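S.K.: What follows is a structure written as structure tokens; I'll ask about it next.
The values are calculated or read from the model by the stated rules, or taken from the named source; none is laboratory data. Keep in mind it's a predicted model, so treat the numbers as computed, not measured. Note that each Cβ is placed from the backbone with ideal geometry, even for glycine, and that neighbours are counted across all protein chains shown. All accessible areas refer to the heavy atoms of the entire protein, side chains included, with ligands and DNA or RNA removed. Shrake-Rupley method; radii C 1.70, N 1.55, O 1.52, S 1.80 Å.
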Amino acid sequence: MTNPALNEHRKLDRLQLVALAGLMCLGAAFVFSATMANQTASTLPWYDQSWVRQIVWYALGLGAGAALCLVDYHTLARWSLVAYGAAIFFLLIVLIPHVGSMRFGARRWIDLGFFQFQPSEFAKLAFILAAAHFLSRPLDELRQPANFWKGIGLMMIPFVLILKEPDLGSALVLLPTGLMMMLAAGTPRKYLLQLVGGVGLVAVLFVADILFLPPGRWQVPMQEYQRDRLMVFFGRDYTHFAPPNTTPADLQRLKQKQLGDEYNVRQALISVGSGGPFGKGWRQGTQNALGYLPRAVAHNDFIFSVIAEEEGFVGSVIVLTLYAVVLFTGLRIAGQARDRLGKLVAVGVVTLIFSHVFINIGMNIRIMPVTGVPLPLLSYGGSSVLCSLIAVGLMQNVHIHRKGY
């Protein structure tokens, strides 16, 4: 006979699934709103519309997440190093010219024809599984410096490869994810504090180098557009770094370049602020409809600005509430996990989702620099949607198997 108590433990976390469904409904609705304002896009066949593709990715992601729930996460963890190795392999080959597709000055995608595969998104999931498997070892072993540095190495290999694409935003989310997993695993805090202190010092020197050293001096090597984004975020005047003999015409060109670089963030802020308490109404946002919010980014990086303009403060709070439900139920799953492996998987997924939400919404309201990090389940994109739903599937897997057999 079936044990009723065991069946009770097998149930999914329904509250998290309800919040997930809410986010997917909003995602489909506002990808529709952001893209159908473009007359060219609205003339495409229905099956080629971005919002239809988004729904297809939702369906595929839900299927993949559900399939993961059929396999105990311990079995998945045993294959984690294979997944991690495959992720590193794809991060390497995406850097090869004519294999990785070059878009917007970065080589982040592998064009499969029907799908633009982005290895960095899947590398995040592989890293969480591999790190959880590695860190679930006995606490005495975690106190050994050698194992601490092995854990750091596990994080830094994908970090460096993703940074090489370059994709600073996706690389950065690995850092809080890895550090929080190490903290939750029981890694000695003195190791983590020393590491965070060292990283913080390097970050301060890095920013100071970019913002204050004039051209011609030694500077950290990075892409010009990344440097420009940081200059815009910190409000630095481009003309401040012009050589003394710069002509008035060149100074004017620098000012025009700065206005262009600031354009997306400025229009996103206008969109958020113009929504007011209740918004202008679905598909009534003038910033989006008139093209002031660039159509190339309105449905992905700046989807939150579209929601804030059309649904206002109330709509923004609803979005944040749905994410809060996903995150807090994830923390509850971590607390109820039957072992440290399950706890670490859940902590890793929660930190990853939180990092994406914080960075993306932060860049929409200018408390974070623009980095191209998608908003989970709301931003348009197949790789992002698939990985977000697979990540939630991992949390549900931990919840289903939260009690021993």
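S.K.: Is it the case, given these coordinates, that F159 is free of Cβ contacts under 8 Å to residues at least 40 places away in the same chain, open to solvent by 20 Å² or more (accessible area, probe 1.4 Å) and touching a helix residue (DSSP H, G or I) at 6+ places or on another chain (Cβ under 7 Å)?
M.R.: Spelling it out, F159 is indeed free of Cβ contacts under 8 Å to residues at least 40 places away in the same chain, open to solvent by 20 Å² or more (accessible area, probe 1.4 Å) and touching a helix residue (DSSP H, G or I) at 6+ places or on another chain (Cβ under 7 Å).
S.K.: Output the qualifying pairs, or none if there are none: Cβ atoms under 6 angstrom, residues six or more apart or on different chains, first residue in region 138-154 and more than 11 Å from Y191 (Cα to Cα), second residue outside any helix (DSSP H, G or I) and not basic (K, R).
M.R.: Qualifying pairs under 6 Å: L139/G186.
S.K.: Taking into account only those residues within region 286-310 that are within 23 Å of the chain's Cα centre (by Cα) and open to solvent by 60 Å² or more (accessible area, probe 1.4 Å), which is farthest from G276 (Cα to Cα)?
M.R.: A296
S.K.: Let me ask another. Taking into account only those residues within region 61-96 that are in a loop (DSSP other than H, G, I, E, B), within 30 Å of L163 (Cβ to Cβ) and free of Cβ contacts under 8 Å to residues at least 60 places away in the same chain, which is least open to solvent (accessible area, probe 1.4 Å)?
M.R.: Selected residue: I96.
S.K.: Specify the residue that is modelled with the highest pLDDT; the eligible residues are those in region 111-170 that are in contact with a strand residue (DSSP E or B) (Cβ under 9 Å, 6 or more places away or on another chain) and hydrophobic (A, V, I, L, M, F, W, C).
M.R.: If we take residues in region 111-170 being in contact with a strand residue (DSSP E or B) (Cβ under 9 Å, 6 or more places away or on another chain) and hydrophobic (A, V, I, L, M, F, W, C), then I162 is modelled with the highest pLDDT.
S.K.: Within region 238-274, track down each residue that is surrounded by fewer than 17 Cβ atoms within 10 Å (Cβ to Cβ) and among the β-branched types (V, I, T).
M.R.: Listed by number, the residues that qualify are T239, T246, T247, I270.
S.K.: Being at pLDDT 95 or above, basic (K, R) and in contact with a helix residue (DSSP H, G or I) (Cβ under 6 Å, 6 or more places away or on another chain) narrows it down to one residue among K403, K343; which is it?
M.R.: The match here is K343.
Yes/no per residue for (1) outside any helix (DSSP H, G or I); (2) at pLDDT below 80; (3) within 24 Å of the chain's Cα centre (by Cα):
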position	(1), (2), (3)
A203	no, no, yes
F206	no, yes, yes
W218	yes, yes, no
D228	no, yes, yes
V232	no, no, yes
H240	no, yes, no
K257	no, no, no
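S.K.: Hey, another quick one. Any idea which of G342, G315, G335 is more than 17 Å from the chain's Cα centre (by Cα), small (G, A, S) and open to solvent by 20 Å² or more (accessible area, probe 1.4 Å)?
M.R.: G335
S.K.: Between a first residue in region 346-364 that is farther than 15 Å from A171 by Cα and a second residue that is of a type in the set (F, W, Y) and open to solvent by 20 Å² or more (accessible area, probe 1.4 Å), which pairs have beta carbons less than 9 Å apart while being 6 or more apart in sequence or on different chains?
M.R.: V350/F328; M363/F233
S.K.: Now for a different question. Given the criterion of a type in the set (S, T, N, Q) and within 22 Å of E121 (Cα to Cα), identify the matching residue among Q252, Q144, Q226.
M.R.: Q226
S.K.: Taking region 29-60 as the search range and keeping residues that are under 14 Å from G382 (Cβ atoms) and among the hydrophobic types (A, V, I, L, M, F, W, C), which one is surrounded by the most Cβ atoms within 10 Å (Cβ to Cβ)?
M.R.: Going through the qualifying residues, I end up with V31.
S.K.: So V385 passes all but one of these: (1) open to solvent by less than 10 Å² (accessible area, probe 1.4 Å); (2) among the β-branched types (V, I, T); (3) under 22 Å from L183 (Cβ atoms). Which condition number does it fail?
M.R.: (3)
S.K.: Shifting gears a bit: If you take just the helices (runs of 4 or more DSSP H) that sit entirely in region 280-388, which of them hold at least 2 residues that are under 19 Å from S120 (Cβ atoms)?
M.R.: 340-364
S.K.: Select the helices (runs of 4 or more DSSP H) contained entirely in region 103-171, then report the ones holding at least 2 residues which are within 13 Å of I88 (Cα to Cα).
M.R.: By residue number, 119-135, 145-164.
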